[in-house]
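**Q** Next up is a structure, given as structure tokens.
We did not get these values from a lab; they are worked out from the coordinates using the rules stated. Keep in mind the model is a prediction, meaning the values are calculated, not measured. Here Cβ is always computed from backbone atoms with ideal geometry, including for glycine, and neighbour counts include all displayed protein chains.
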Amino acid sequence: MNIIRSLKSLTVMCFMYLSLQFSLAEKRALIVAVGKYPETSGWAKINSENDVPIIRTALINQGFSSGNINVLINQQATKAGIIKALNNLIAISQPGDIVVFHFSGHGQQVTDTKGDEINGLAEALIPYDANIKPSAVEPDARFHLIDDEVGVFLDKLRKKVGLKGDVLFFIDACHCGPMSRDMADTTVVVRGTSQIFETRGFSSKSVHKIKNNFYNISSKTAQQNLNFSPYTIISACLSNQTNIEYKKCGSLSYAIGKVLSKSMGNLSYESFFNAVRTEMLPLMVNSMGITHEQNPQIEGDIGRKVFAGKTVDIPLHFIVNNIKLKKVYINAGTINGIFKGAEVSFYPPETYDISKCKPYITCKVDTSSLSESVLTISSDIDKKRLFSSWIFVTKYRYITYIHESVAQMRARILKTLPQNSNDIIIKMIPVNNGKIIDLSQKYRNGNIYLNLGDKFIIEVDNKSKSALYFQLIDVMKNNQISLIMENNINSKYNYFLEPGQSKVFDKDILKVDSDSPPGEETIVIVASEKMLDLSPIETQKPVMKRADISEFEEWLNNLYSNDRSISVFDSKKVYTNKLSFMVREK
């Protein structure tokens, strides 16, 4: 009896220990940013350190404790310093943890000394102490962080956090492309170089070849990784493209910051990547309207939920960074859609519905940088109250891009509508000779690629608990915008789905025809519990205002009015989601 009782007690204790172990799972991050390389290194200066507050704030918004975010900047980020930080991250990580590694800096191709690269070239991240070409100090890329070395640390992290954990790498670097006059009218800042680091005695077997994966898994290694965590790596561009900066920060970091700063819901990494790519799209257009070709890529387990489903589903809000006299500095800026003149309100902490609570104070933004805004507080409010406040944007300033045509502006804004819901899902189903084929056949580097003549059907699923009306908007590369409607249906018609229902557009199978311009095409779904009139998209004119006009219809009216300004649309009363794909050239 005593033995049985002891075994029962031991079993209970073990169960409690294991439960406690996984319930205490942490979110951890290491951010590395190198922009001010030594002049003797040969590397051009870039603005990587500006990525740090963007990524750090976005992670904090997703429930990462500031104490669990380690940052290495410039001189701290030597190869030895990065390795030490990675080893420390591995040492403190526990089963079930969510781990993020972010690198901002230069990248370079180096000659492969191990013989495992098809073209004789390996990819490398550039720490602070690595040189652009061989020297007496570094004759053999010993201070470069080679992709195989990164893979070793990735494997160790995956093993440590186990099947219930998650490992995510962001690489805002580039392995090809010098500083150049890349976008016709301005010298842009490019991360990376076309110069190959040639180790004496080794040479590449061919000219540069596109490499789809930064982290290669052999079949033998894959068999040993059965107990490893899933992983995802998101890189700023393909290995044969240049990675340009935007407003003195990394284009990938900027886009990640915008997406992670929103409520994530239950997004998959595939949907997260599509949202990041959508945010990057308008950043690639210069003041002449010329688009820089840069395609971010994703590898790993893209079908699972972001942060193993442990995202933070709280209303988007911000906090105070600092207070100097009457000036209050908050941790949000233009990356969050906050510009001079925007209205913000300070609410008690844990305010989940601002309609049910009065703010402490409301004021306008004086100035805003990429990741910070400055306000002037006119009344006397206790600093402790301000520091503890949840800050909400209660009125966004209108945004406009002077260099754009009206058609470009409308297409850009519709493409970048926030993906604010997983309650309404849009799927593409490829068809060949009347038979459904696997969508994975159309994937390359996280993008869906379609050729001229390809056919597909669209499925829409209502995952919400409410009946929804919806319409589909097609936005093409040439800025042509139209509604996807079945035969004999006018633009005021709304499709309707009960909770749990699906609709398949199979009467007229959609086809990539000869008129389809090459480049990215986006299908946007807009859904609401009330019918929506989206006819301005077809008529190019605003609809007549009525008493019961919805927020989205009012917003669409502004978009199709003569006023070039348009506010950021963000409302929980309308569900928006999107599907993007690439149309290949003829």
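**Q** Packing-wise, with mean Cβ within 10 Å as the measure, how do 522-534, 319-331 rank, highest first?
**A** 522-534, 319-331
**Q** Using label points projected 7 Å from each Cα along Cα→Cβ, tell me how many nm separate residue 459 and residue 502, to one decimal.
**A** The answer from the label model is 0.3 nm.
**Q** What length, rounded to one decimal in nm, is gained on full extension from residue 329 through to residue 435, with 0.36 nm per residue of separation minus their alpha-carbon distance?
**A** On the way: separation 106, 0.36 × 106 = 38.16 nm, distance 5.76 nm.
Separation in residues times 0.36 nm, less the Cα-Cα distance, equals 32.4 nm.
**Q** Say the cut-off is 25 Å between C-alpha atoms; which of 258/541; 79/160; 305/465 go over it?
**A** Among 258/541; 79/160; 305/465, the Cα-Cα distance tops 25 Å for 258/541.
**Q** Please give the contour-minus-distance gain from residue 478 to residue 133: 0.36 nm per residue of separation, less the Cα-Cα distance, rounded to one decimal in nm.
**A** 120.0 nm
**Q** Hey, another quick one. Work out, step by step, the length gained on full extension between residue 322 and residue 395: first 0.36 nm times the residue separation, then minus their alpha carbon distance; give nm to one decimal.
**A** Values: separation 73, 0.36 × 73 = 26.28 nm, distance 2.22 nm.
In short, 24.1 nm is gained.
**Q** For a Förster distance of 51 Å, can you work out the FRET efficiency between the beta-carbons of residue 364 and residue 91, rounded to the nearest 0.05?
**A** Numbers: r = 47 Å, r/R0 = 0.92.
Given R0 = 51 Å and the Cβ-Cβ separation, E is 0.60.
**Q** Also, I was wondering about something else. Taking 7 Å along the Cα-to-C-beta vector as the label spot, tell me the residue 549-residue 385 distance in nanometres, rounded to one decimal.
**A** Spacing of the two 7 Å Cα→Cβ label points: 3.9 nm.
**Q** Can you figure out the FRET efficiency of residue 248 with residue 163, using R₀ = 51 Å and their beta-carbon distance, to the nearest 0.05?
**A** 0.80
**Q** Still on this structure, please answer the following. First measure r as the distance between the Cβ atoms of residue 268 and residue 407, then evaluate 1/(1 + (r/R0)^6) with R0 = 30 Å and state the FRET efficiency to the nearest 0.05.
**A** Numbers: r = 32 Å, r/R0 = 1.07.
Working from the Cβ atoms, E equals 0.40.
**Q** Another question, then. For the cross-link pairs 248/415; 415/455; 340/530; 415/463, which exceed 26 Å when the distance is taken from alpha carbon to alpha carbon?
**A** From 248/415; 415/455; 340/530; 415/463, over 26 Å: 340/530.
**Q** Compute the orientation-averaged projected area for the range 320-395 from the convex hull of its Cα atoms and round it to one decimal in nm². Each step should come with its number before you reach the end.
**A** On the way: hull surface 18.4 nm².
Projected over every direction and averaged, the Cα hull of the range 320-395 covers 4.6 nm².
**Q** Taking amide H atoms as placed 1.01 Å from N in the peptide plane, list the residues 5 or more away in sequence, or in a different chain, whose amide H sits under 5 Å from that of residue 101.
**A** Sorted by chain and number, the residues that satisfy this are 30, 168, 169, 170.
**Q** At 7 Å along the Cα-to-beta-carbon direction for both residue 561 and residue 539, put a label point, then send me their distance in nm to one decimal.
**A** Placing both labels 7 Å beyond Cα along the Cβ direction yields 1.6 nm.
**Q** Still on this structure, please answer the following. Checking the table 427/511; 364/384; 84/133 against a 23 Å threshold on Cα-Cα, which pairs fail?
**A** Details: 427/511 15 Å; 364/384 20 Å; 84/133 25 Å.
84/133, as the Cα separations exceed 23 Å there.
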